[in-house]
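Down below is the structure, laid out as structure tokens.
What follows is calculated from the coordinates using simple rules that are stated; it is not laboratory data. Quantities reported herein were computed from a predicted structural model and do not represent experimental measurements. Neighbour counts run over all protein chains shown; Cβ positions are idealised from the backbone, glycine included.
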Amino acid sequence: MARAKEIQNIKKILLNMKNEIMENLKERMKSADISDQREIGDVFDDADLEQSREFNLLLTTREKEKLEQIDAALTRMEAGEYGICEECGEQIPIGRLKAMPFATLCVKCKSKKESLEGYTTALREEKA
Ligand SMILES: [Zn+2]
């Protein structure tokens, strides 16, 4: 059960990361003064915020990517698939998940993949 608890902690961290981006964005929306028709903060909940045009305009590419990664990780948590290697189906050690909460591969598969990518060119030349 320790693992489930650790994953809950990571979930909290992810939600905090998401909140932080949302709060920054709300501040930016206020200062950008594009909110003359509605009060941001009270009327807007985060679900509305994510759908709004202003949201997409003010969000930087990096923030967008980060939000996508956070949402993907949260979705995997909901499905009970979080922390399971996409490649071999083994559990990813919790220490690795803490360091890299968006990791979807275990160390073994990750390095296998990386070395495969690295050697592809060399192999191709050898076989030719
Ligand atoms: Zn694996």
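Taking other C-beta atoms within 10 angstrom as a stand-in for reagent exposure, ILE7, ILE84 fall in the order ILE84, ILE7, fewest first.
Only lysines eight or more places from LYS108 in sequence, or on another chain, were considered; those with a Cα closer than 26 Å are LYS5, LYS11, LYS66, LYS98, LYS127. Taking the fewest neighbouring Cβ atoms within 10 Å as the starting point, the ordered list for PHE55, PHE102 is PHE102, PHE55.
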